[in-house]
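The values are calculated or read from the model by the stated rules, or taken from the named source; none is laboratory data. Model, not experiment: these values are computed from the prediction. Note that we place each Cβ from the backbone using ideal geometry, even for glycine, and neighbour counts take in every protein chain shown.
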């Protein structure tokens, strides 16, 4: 970050505010024991801007490490101490970000998987460094109160037909969504390249000689719809066919049921499956095994998410990898940018194919 000289003029003295700890509180919630010095004094002494001082005292990585240390040492010498409560009162901010998970946990789909835990890890990592608290709630628990009390909100999962987005959008809080961008919809989106993920799966299946393919997943979810689009486009280019599309939930049992139905109904059979989650894919493999079909000799299977269970299963599941942790970091960065009056662009993160045994 470039260092800008602070203005030489000091702000006019203010009357003590009895609602703030220690009486007179300096800008950004940093105050001196004497109650007279301001952050502008510290900025002038350090020959940087006031915002640089504020960020340095919050240990923000937006300020170079050597500059942060110099400002923090100078603050100690001048008797400043960081007062987050005073800062929040002055800015009328809670310094809290609401994180809403659009997911109803169940024994089949617990909240202990990479979605949402790896995303949450990236979010908490970034927001903690920036001096923010994280308030976690779910879409099933009426999140309106939590969102309205926060400085901004992050929505993990946009819901079938974007219902979760439409629920939060009217609240007027800076909002960033993990999912697939929709033209004409206001929120900033961060998500994986689902079209690329579908294309990678199709290319791999075609490469291994598969020509009659099945897609498992609920395309009312925009991310799944984009995976299907990438999948079918690549199949068409290669001369392969999508012989069945089976809508199903993101669970193991849904995968079992879908493939049992396909084995009973699909005329001419199929030799490859692309599932919209690893759990669906593993359920599909169970149904294939029940039908005395071998993976991958009879039917190849590709999942999505590259979860730990994909690697540990026998045979190990080929899957599309999403970088959840990086996604969480980018979600946090985007919501902080919105809070600061910036307008970040929606961001699509690349996916990659992890080839294993299926």
Candidate set: region 270-287, residues that are without any contact (Cβ under 8 Å) to a residue 60 or more places away in the chain and over 15 Å from residue 205 (Cβ atoms); chosen: the one surrounded by the most Cβ atoms within 10 Å (Cβ to Cβ): 278
Selected residue [over 23 Å from the mean Cα position of the chain (by Cα), crowded, with 19+ Cβ neighbours inside 10 Å and not assigned by TED's automatic domain parsing to the domain that holds residue 180] from 254, 264: 254
Enumeration of residues in region 148-164 that are within 27 Å of residue 225 (Cβ to Cβ), surrounded by fewer than 24 Cβ atoms within 10 Å (Cβ to Cβ) and at pLDDT 85 or above: 157
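Yes/no per residue for (1) surrounded by fewer than 24 Cβ atoms within 10 Å (Cβ to Cβ); (2) touching a strand residue (DSSP E or B) at 6+ places or on another chain (Cβ under 6 Å); (3) in the same structural domain as residue 180 (by TED's automatic domain parsing):
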| residue | (1), (2), (3) |
| --- | --- |
| 296 | yes, no, no |
| 302 | no, yes, no |
| 317 | no, yes, no |
| 331 | no, yes, yes |
| 335 | no, yes, yes |
| 343 | yes, no, yes |
Inter-residue pairs, beta-carbon under 6 Å, first in the same structural domain as residue 44 (by TED's automatic domain parsing) and assigned to a helix (DSSP H, G or I) and in region 57-73, second surrounded by 14 or more Cβ atoms within 10 Å (Cβ to Cβ) and at pLDDT 80 or above, 6+ apart: 68/56; 71/46; 71/53; 71/56
Residue tally, condition free of Cβ contacts under 8 Å to residues at least 12 places away in the same chain and outside any loop (DSSP other than H, G, I, E, B), over region 309-358: 2
Residue within region 186-201 that is at pLDDT below 95, surrounded by fewer than 17 Cβ atoms within 10 Å (Cβ to Cβ) and not in a helix (DSSP H, G or I) present: yes
